[in-house]
Amino acid sequence: MTEKKLELYYFEQCPYCQYVMQALRVTGLEEKVTFCDIHDDHKFKEKLIRDTGRSTVPCLYIDGKPMHESRDIAEWLHKYARELQGEEGRA
């Protein structure tokens, strides 16, 4: 898998965002993600609404394509964790 640009739109108090952040910790992908807190910087919330028509988080942008729903995001992270860490083809 080629390098993916990952951006997580979230806010700290959101339990669904915490679920995704836990998946990032478990998979070791925290350093691969740019975190965009929609409460700290309103330009992130504006972009989210402009792109998706929604202000709901978490939203993981994968190479510019948004993915909502915490379970879907966590499943995707677990499925592609090895490839995203550059471990493709290792035993």
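The values are calculated or read from the model by the stated rules, or taken from the named source; none is laboratory data. Fair warning: this is a prediction, and the values are worked out from it, not measured in the lab. Note that each Cβ is placed from the backbone with ideal geometry, even for glycine, and that neighbours are counted across all protein chains shown.
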In this structure, does S70 turn out to be hydroxyl-bearing (S, T, Y) and closer than 17 Å to L6 by Cβ? yes
Within the range 57-86, restricting to residues that are of a type in the set (A, V, I, L, M) and outside any strand (DSSP E or B), the one that is nearest to the chain's Cα centre (by Cα) is I73
Residues of the range 34-66 being surrounded by fewer than 13 Cβ atoms within 10 Å (Cβ to Cβ) and closer than 14 Å to V20 by Cα, which ones? T34
Across the range 1-33, what is the total count of residues that are among the basic types (K, R) and exposed (fewer than 11 other Cβ atoms within 10 Å of the Cβ)? 1
Positions within the range 1-16 being within 12 Å of the chain's Cα centre (by Cα) and either over 17 Å from I49 (Cα atoms) or among the polar types (S, T, N, Q) (or both), in sequence order: K4, K5, L6, Y16
Taking the range 68-91 and keeping only residues that are loosely packed, with under 14 Cβ neighbours inside 10 Å and at pLDDT 95 or above, one is left with R71, D72, E75, H78, K79
Cβ-Cβ below 8 Å, separation at least six or inter-chain, first residue in the range 3-32 and within 16 Å of W76 (Cβ to Cβ), second among the acidic types (D, E) and part of a loop (DSSP other than H, G, I, E, B): which pairs? K4/D63; K5/D63
Any chance the range 38-56 includes a residue that's modelled with pLDDT of 95 or more, part of a strand (DSSP E or B) and of a type outside the set (K, R)? no
